[in-house]
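The values are calculated or read from the model by the stated rules, or taken from the named source; none is laboratory data. These figures come from a predicted structure and were not determined experimentally. We place every Cβ from the backbone using ideal geometry, glycine too, and count neighbours over all the protein chains shown. SASA here: full protein model, heavy atoms, side chains in, ligands and nucleic acids out. Shrake-Rupley method; radii C 1.70, N 1.55, O 1.52, S 1.80 Å.
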Amino acid sequence: MKRLIFIFSFLLLISFNLCAQIRGSEIAVMVQPDHASWNYRLGENAIFKVTVLKEGCPLPQAKVDIEAGPVMYPDVKQKDVVLRDGTTTWKASMKTAGFYRLKVVAHIGNKTHEGLCTVGFAPETLQPTDNCPADFDQFWTKTYQEASQYPLDAHRRLLPERCTDRVTVYEVSFNGINSGSRIYGILCIPTAFKEPRPALLRVPGAGVRPYQGDIYMADRGAITLEIGVHGIPVTMQQQVYDDLLHGALNGYWEANLDNLYQMPYRRIFIGALRAVDYLTQLPEWDGKTLGVTGSSQGGMLSLVCGALHPKVSFIGAVHAAMCDHTASLHGKACGWPHYFYGQKNPDSKKVVNSGYFDGVNFARRLKVPCWISFGYNDEVVPPNTTYATYNVIKSMKTLSVYQETGHYWFQEQWDEWEEWIAKELKL
């Protein structure tokens, strides 16, 4: 009898799992360029093929809306276009270097389905706008030196539930820009190796969240530190971070831009540099190899650390945000958080101050190897800002573009990033 009950329960569980799986949609909107590279010469025609598919086949009489033009500045908007055979083509060209985006939204029943394709015209020639304050180097050198006068006063707390037989995991904290500004993070120390190890700092994207720590790279042999940047512990319940994001930390990325010394990123950038300091003082560090990596806001923080800290030996930046802030004042797409987008008369003080927090100005000062990756379809970090930033880097650099991605990773991109990092760490 017990055996029958077990079998019935097992079959019921399988049935529930099968029924609970929902994956994908029968409708797909495909927008494809005619160049596999997604790149074109100036004046060359890019031909997009647009297809609305149902169950993998073109859907006759599909109705779509079309938005097209330079990224963030579409100059064509058409509504309720009927694709008689479920397909059409679109031709576009640009006379100046940049990116052209075609967005197609299909209306099927009471639902909408979107397709997107962004192509580059001579992106290898793109240059960012000039927005570097004359005292940029002096400002950051002085700010970092002043912060360095405060002892790190580091503390660590063992997290036994996260430890493995090869990695010991701690929540750590130390002083950031001053003795009242703490940086919290998750430190992972590989214990399966006796000799000193290389180190990797993982810096966060925008937002407020807890962190788990990079146990994977630690298991492979690197000391890893994953930090938060808001001066709060990184092991609390998710609800705490949600409340902060919608409350006290809501919109922190654009707060006080008119006050250079109160702008949150002054504290955040220095906090990342102090995290490097913390790693260099660990007795387990090999004293030679220390990388910094992150995506979006973390991509920007990687640029900052690589440019300003002498102990950083390489960086990996993925769809780096906060690059080319003033591009929109010249009619071009600007980097997140799009400070001046759509503004005809922006605050002049904010424009000047934005230069101190512009990834382009840090990228120009890089002297270490860099891995730079992004996607053309990114609607948060426009591809012209990341490409222009890459173009001004003078150190050894690797460009890895995954054109179809937006503000997310493909698995292949993630795998390539991990292997490049592991190679630089000599794991």
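Here are the numbers for the structure shown:
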read-out: Answer from Ala321, Ala333 - the residue that is closer than 17 Å to Gly207 by Cβ and in the same structural domain as Cys370 (by the TED database); value: Ala321
read-out: Matching residues, the stretch 415-427, being exposed (fewer than 15 other Cβ atoms within 10 Å of the Cβ) and out of contact with any strand residue (DSSP E or B) (no Cβ under 8 Å at 6 or more places or on another chain); value: Asp415, Glu419, Lys423
read-out: Residue match in the stretch 272-284 (condition: in a strand (DSSP E or B) and not acidic (Asp, Glu)); value: no
read-out: Members of the stretch 338-390 that are small (Gly, Ala, Ser) and on the phi > 0 side of the Ramachandran plot; value: Gly342
read-out: Residue match in the stretch 197-204 (condition: under 25 Å from the mean Cα position of the chain (by Cα), more than 18 Å from Thr289 (Cα to Cα) and either modelled with pLDDT of 95 or more or surrounded by 17 or more Cβ atoms within 10 Å (Cβ to Cβ) (or both)); value: yes
read-out: Within the stretch 96-131, considering residues that are basic (Lys, Arg) and under 17 Å from Val71 (Cβ atoms), the one surrounded by the most Cβ atoms within 10 Å (Cβ to Cβ); value: Arg101
read-out: Pair list, Cβ under 8 Å, 6 or more apart: the stretch 332-356 residue closer than 26 Å to Ala307 by Cβ and without any contact (Cβ under 8 Å) to a residue 24 or more places away in the chain, other residue in a loop (DSSP other than H, G, I, E, B) and open to solvent by 80 Å² or more (accessible area, probe 1.4 Å); value: none
read-out: Selection count where residues are among the charged types (D, E, K, R) and either outside the structural domain of Pro382 (by the TED database) or closer than 28 Å to Val352 by Cα (or both), scope the stretch 253-296; value: 5
read-out: Checking Ser296 against (1) closer than 28 Å to Gln413 by Cα; (2) surrounded by fewer than 20 Cβ atoms within 10 Å (Cβ to Cβ), the condition it does not meet; value: (2)
read-out: Any hit, the stretch 117-124, residues being polar (S, T, N, Q) and in the same structural domain as His325 (by the TED database); value: no
